[in-house]
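The values are calculated or read from the model by the stated rules, or taken from the named source; none is laboratory data. Values in this document were obtained by computation on a predicted structure and should not be read as measured data. All Cβ positions, glycine included, derive from the backbone under ideal geometry; neighbour counts span all protein chains shown.
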Amino acid sequence: MPNDLRENEQVVRLAPPSDGALRFIGRIRTDWPTRADCPRQGRTDGPDCRIEVDPVWQDALDGLEAYDTIEVLYWLDQSRRDLTRQSPRSDGRTVGTFALRSPVRPNPIGTSLVRLLRIKDGVLHVRGLDCVDGTPLLDLKPDRCAFTPKAPEQPGDRQTA
């Protein structure tokens, strides 16, 4: 594998992964100590939160500051994992787990699109999170809409009036 690196790429020494294993790459710091305190959905005008990236992964942040919006993936470590149907508090109906954005999931991976305010010393300052303080961080990605260039216009794309 060392020969498949491109110029300026960098690797860290890691233990071999096992099937389906995840690596936490940091912790999320919010104002909410319990699930009951968390907002139902994050808001980009909400409070400042911090994403603390472990030192071994901090070089991976290079270039992320170019984006206003990033996607944060995190492990909802306090969620139960055994419900196939759920009844949301808001309306009393019961639906399948996969039809909800509930944190109760077989694999409780949370996602949030957040507004990136700044990055300093391996800490991202963001707005838009909705998780408990200390939540394990799984990954960070640029907002896919900002990252993916628009496709070139094709004949017939424009309609004339």
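Please work out if residue 33 is at pLDDT 80 or above and assigned to a loop (DSSP other than H, G, I, E, B).
Working: at pLDDT 80 or above: yes; assigned to a loop (DSSP other than H, G, I, E, B): yes.
Spelling it out, residue 33 is indeed at pLDDT 80 or above and assigned to a loop (DSSP other than H, G, I, E, B).
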_Subset of region 32-71 [of a type outside the set (A, V, I, L, M, F, W, C), in contact with an Asp or Glu (Cβ under 7 Å, 6 or more places away or on another chain), surrounded by 13 or more Cβ atoms within 10 Å (Cβ to Cβ) and farther than 18 Å from residue 109 by Cβ]_ = 39, 47, 67, 69
_Go through (1) farther than 14 Å from residue 124 by Cα; (2) polar (S, T, N, Q); (3) assigned to a helix (DSSP H, G or I) for residue 58 and report which single condition fails._
(1)
*Which strands (runs of 3 or more DSSP E) sit wholly inside region 69-137 and have at least 1 residues that are in contact with a helix residue (DSSP H, G or I) (Cβ under 7 Å, 6 or more places away or on another chain) and at pLDDT 90 or above?*
69-75, 109-120
_Of residues in region 72-86 being among the hydroxyl-bearing types (Ser, Thr, Tyr) and surrounded by 13 or more Cβ atoms within 10 Å (Cβ to Cβ), the one farthest from the chain's Cα centre (by Cα)_ = 79
